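Accompanying notes for the structure given below.
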Amino acid sequence: MKLKVVSFKVCPFVQRVLIVLQYKGIKYDVEYIDLASPPEWFLAISPLKLVPLLIVDDEVIFESSVINEYIEETYDVKMHPINPIEKAHNRSWIEFGSSISMCTFRLTILQKKSEFNDALIELVDYFNQVEKVLVNEPFFNGDKLSLVDATYAPAFQRIDFIEQIYGSIYDKKRHIRVINWKNRLLDIEHLKKSAVPELKDLYYKLLWTRQGYISQFLDEKIYGKRDIQSMY
């Protein structure tokens, strides 16, 4: 089978898929598109007009969690637990991870300081919930990387980028396990290889383009003048 991933360079959901492909040692091609001006062939085959897509020969699969389940079922080096209850538990926390990813996305587009702070409170509450279930280490299930790890790693990477310009987001007293897990995931080679080398710069340029509250913490000397919005 020939695999091709259709990607947007800054998309965390694409990285979920690429981490799994990297971990399992599967050969694949990547084609990058511009979601602001997507090509007609992409619009014709993507029902949601979103990435990632996985093209398997001539078949198209969409949605990152569905793609990863397909890869898990089709290829060796299993990342899900064998036990059905444990597998369902993992799938539940994969869904929960999508909520964290979407909350992280909202941090980049909300224009008012009050809205931004509300999203931070929501994100912290998500971390409170995750902290309770991190009973294994170094990864979610223990020694082996799982699909849960592949789901959370790209979100942690973007939160790390936000922290570098905004300041600490995690509660160092309440989120000890989350922080340790995050640090391990940010250090894995599979995450590094899942991203383009210029990811951080592209991410900051995207934040600047969105002109949300967070964009004020970027350097105007690099990114240009901001459109002043109401931030209160």
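How many residues does the stretch 50-63 hold that are over 16 Å from Gln22 (Cα atoms) and either more than 18 Å from the chain's Cα centre (by Cα) or assigned to a strand (DSSP E or B) (or both)?
Going residue by residue through the stretch 50-63, those that are over 16 Å from Gln22 (Cα atoms) are 50-51, 53, 55-63.
Filter again for either more than 18 Å from the chain's Cα centre (by Cα) or assigned to a strand (DSSP E or B) (or both), leaving 53, 55-62.
So the answer is 9.
Taking the conditions exactly as written (free of Cβ contacts under 8 Å to residues at least 40 places away in the same chain, closer than 22 Å to Phe13 by Cβ and under 16 Å from the mean Cα position of the chain (by Cα)), does Leu186 satisfy them or not? Yes: the conditions hold for Leu186. The residues in the stretch 65-77 that are without any contact (Cβ under 8 Å) to a residue 60 or more places away in the chain and closer than 13 Å to Ser98 by Cβ can be counted, and the count is 1. Restricting attention to the stretch 64-73, does a residue exist that is in a loop (DSSP other than H, G, I, E, B) and not assigned by TED's automatic domain parsing to the domain that holds Val133? The answer is no; no qualifying residue exists. Criterion applied to Glu86, Glu131 was being surrounded by fewer than 16 Cβ atoms within 10 Å (Cβ to Cβ) and in contact (Cβ under 8 Å) with a residue 12 or more places away in the chain, and the one residue passing it is Glu86. Being of a type outside the set (Gly, Ala, Ser), assigned to a helix (DSSP H, G or I), over 24 Å from Phe139 (Cβ atoms) and in contact (Cβ under 8 Å) with a residue 60 or more places away in the chain, is that true of even one residue in the stretch 94-106? No; the residues of the stretch 94-106 include none that is of a type outside the set (Gly, Ala, Ser), assigned to a helix (DSSP H, G or I), over 24 Å from Phe139 (Cβ atoms) and in contact (Cβ under 8 Å) with a residue 60 or more places away in the chain. For the stretch 16-64, the candidate set comprises residues that are of a type in the set (Gly, Ala, Ser) and touching a residue at least 12 places away in the same chain (Cβ under 8 Å); within that set, the residue that is nearest to Arg158 (Cα to Cα) is Ser64.
Contact annotation: residue pairs with Cβ atoms under 7 Å, 6 or more positions apart or on different chains, pairing a residue in the stretch 203-215 that is in contact (Cβ under 8 Å) with a residue 60 or more places away in the chain and within 15 Å of Leu120 (Cα to Cα) with a partner that is outside any helix (DSSP H, G or I) and among the charged types (D, E, K, R), are Tyr213/Lys112. If you go through the stretch 30-53, how many residues are surrounded by fewer than 17 Cβ atoms within 10 Å (Cβ to Cβ), of a type in the set (A, V, I, L, M) and under 24 Å from Arg210 (Cα atoms)? Here the count works out to 4.
Taking the numbered list (1) farther than 16 Å from Leu199 by Cα; (2) touching a Leu at 6+ places or on another chain (Cβ under 9 Å); (3) in a loop (DSSP other than H, G, I, E, B) in turn, Val6 passes all entries but (3). In the stretch 151-176, of all residues being basic (Lys, Arg) and over 19 Å from the mean Cα position of the chain (by Cα), the one that is surrounded by the fewest Cβ atoms within 10 Å (Cβ to Cβ) corresponds to Lys173.
Residues of the stretch 186-207 that are surrounded by 19 or more Cβ atoms within 10 Å (Cβ to Cβ) and closer than 18 Å to Gly167 by Cα: Tyr203, Tyr204, Leu207. Within this structure, Val135 fails the test of being within 17 Å of the chain's Cα centre (by Cα) and either assigned to a helix (DSSP H, G or I) or farther than 16 Å from Ile214 by Cβ (or both).
The values are calculated or read from the model by the stated rules, or taken from the named source; none is laboratory data. What you see is a predicted model; the values in this text were computed from it and never measured. Virtual Cβ from ideal backbone geometry, glycine too; neighbours counted across all protein chains shown.
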